[in-house]
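The values are calculated or read from the model by the stated rules, or taken from the named source; none is laboratory data. What you are looking at is a predicted structure, and each value in this text was computed from that prediction instead of being measured. Positions of Cβ are backbone-derived with ideal geometry, glycine not excepted, and every protein chain shown enters the neighbour counts.
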Amino acid sequence: MSTEAPPAAEAPPAPYPVHLDARLDDPLSRWLWLVKWFLAIPHYILLVFLWIAAFFASVFAFFAILFTGRYPQTLFYFNLGVLRWTWRVQYYSFTAVGTDRYPPFSLDPEPDYPATLDIEYPAELSHWKPLLKWLFAFPHWFAVAAFAGWSTSYGNMWFHIPGAISALTFVSLLILLVKERYPQNLHTLIIGMSRWCLRVGVYVAFMTDEYPPFRLED
């Protein structure tokens, strides 16, 4: 009889401190997605001002981290709130479009809403990494461009090239329109790509020092 111990099971990957998820509602209206971008206009207007405030909060946080090694907690949770609000509006109107429930006007977590986002507050951050995170994330930029798209110019004109997220969302909505069902496998893929892009964005925006993993899962 063999006395060798069975091989140890491979440990699952450690959870990353950025958690993005979304629940696909069932049923979904076959046609409402055609006007959701219009219905969400009040959110777009408010988010313009919120993102201006978030930009200045991030600039202040950058210098605070350089000198103290800490992200000011009030600014961190404000920027997290702006990201949450943005993700809810994205999920409703143009990324996956997997819910018919109108997004709340809120910076709070809103755990009952189908699209959720949370980032663990870092107790301590590196003083020098904010200077180089954009460079450290370079291998991720190719995936982010493929998933989210990229912008380019021709003469005085700017063009945005849609990425896989937009393409798969459009295909999913066409299937919903024709067959009255949203394909779950495409939804999972869209959310995974969105999760990857957000993790890179949060890392480059100094909100965590943990390097983003190369995976779609949470």
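Per-structure values
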| read-out | value |
| --- | --- |
| Test result for THR152, outside any loop (DSSP other than H, G, I, E, B), at pLDDT below 95, out of contact with any Leu (no Cβ under 7 Å at 6 or more places or on another chain) and β-branched (Val, Ile, Thr) | yes |
| Check on ARG195, touching a Leu at 6+ places or on another chain (Cβ under 6 Å), of a type outside the set (Gly, Ala, Ser) and either at pLDDT below 95 or closer than 21 Å to TRP87 by Cα (or both) | yes |
| Residue in the range 63-110 that is nearest to SER29 (Cα to Cα), counting only those that are small (Gly, Ala, Ser) and without any contact (Cβ under 8 Å) to a residue 60 or more places away in the chain | SER93 |
| Restricting the range 96-139 to residues that are closer than 23 Å to ILE65 by Cα, in a loop (DSSP other than H, G, I, E, B) and aromatic (Phe, Trp, Tyr), the residue that is nearest to the chain's Cα centre (by Cα) | TYR121 |
| The lone exception for ALA96 - which of (1) closer than 25 Å to LEU47 by Cα; (2) out of contact with any Ser or Thr (no Cβ under 8 Å at 6 or more places or on another chain); (3) surrounded by 12 or more Cβ atoms within 10 Å (Cβ to Cβ) it fails | (2) |
| Meets criteria (part of a helix (DSSP H, G or I), in contact (Cβ under 8 Å) with a residue 12 or more places away in the chain, in contact with a Phe, Trp or Tyr (Cβ under 8 Å, 6 or more places away or on another chain) and closer than 30 Å to PHE63 by Cα) for ARG195 | no |
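Per-residue answers, yes or no, for (1) modelled with pLDDT of 95 or more; (2) over 24 Å from VAL171 (Cα atoms); (3) in a loop (DSSP other than H, G, I, E, B); (4) not polar (S, T, N, Q):
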position	(1), (2), (3), (4)
SER2	no, yes, yes, no
ALA8	no, yes, yes, yes
ALA14	no, yes, yes, yes
LEU20	yes, no, no, yes
LEU24	yes, no, yes, yes
PRO27	no, no, yes, yes
LEU47	yes, yes, no, yes
TRP51	yes, yes, no, yes
